[in-house]
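> Could you have a look at this structure, given as structure tokens, before my questions?
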């Protein structure tokens, strides 16, 4: 698993300890005992941001706005057909839509040690 780092605990946009040292130094906080944070960096799939129920509900709402109660049961498809559509769209999203960010998890707080400064 990739690691990412932060000096604020919020923006995990540093990718190495060297970046941590540089960021602390540029803020004038590079001292033994200065706090930084590490986390596991995982890139989500594009399909993880897709919700088939939202799509179906949007279709129903749009149809009801157009024709009123005549569209109460639109779209009239089975659960299996909805699952099939979800698989098709999810596959397309994961193949075609690049995800250029990551999610930080398993966040841990650390303190700069003398050894960290000596490696810098």
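The values are calculated or read from the model by the stated rules, or taken from the named source; none is laboratory data. Just so it is clear, the structure is predicted and the values come from calculations on it, not from any experiment. When we count neighbours, we look across all protein chains shown, and the Cβ atoms used for this are built from the backbone with ideal geometry, even at glycine.
> Looking at segment 66-94, I want the residues that are on the phi > 0 side of the Ramachandran plot and outside the structural domain of residue 50 (by TED's automatic domain parsing) and have a partner that is modelled with pLDDT of 95 or more and surrounded by 12 or more Cβ atoms within 10 Å (Cβ to Cβ) with Cβ atoms under 6 Å, at least 6 apart or on another chain. Which pairs are those?
none
> Hey, which of the helices (runs of 4 or more DSSP H) in segment 31-120, taking only ones fully inside, have at least 3 residues that are touching a helix residue (DSSP H, G or I) at 6+ places or on another chain (Cβ under 7 Å) and more than 30 Å from residue 4 (Cα to Cα)?
Working: elements: 52-67, 79-96, 114-119.
Because the criterion is at least 3 residues that are touching a helix residue (DSSP H, G or I) at 6+ places or on another chain (Cβ under 7 Å) and more than 30 Å from residue 4 (Cα to Cα), the helices (runs of 4 or more DSSP H) in segment 31-120 that meet it are 52-67, 79-96.
> Which residues, counting only those in segment 24-45, are more than 17 Å from residue 105 (Cα to Cα), under 28 Å from the mean Cα position of the chain (by Cα) and crowded, with 16+ Cβ neighbours inside 10 Å?
Matches in segment 24-45: 24, 34.
> Pull up segment 6-19, narrow it to residues that are touching a residue at least 40 places away in the same chain (Cβ under 8 Å) and part of a helix (DSSP H, G or I), then point me to the one that is surrounded by the most Cβ atoms within 10 Å (Cβ to Cβ).
First pass over segment 6-19, keeping only residues touching a residue at least 40 places away in the same chain (Cβ under 8 Å): 6, 9, 12, 17-18.
Imposing the further condition that a residue be part of a helix (DSSP H, G or I) reduces the set to 17-18.
On the way: 17: 17, 18: 12.
Within segment 6-19, the match that is surrounded by the most Cβ atoms within 10 Å (Cβ to Cβ) is 17.
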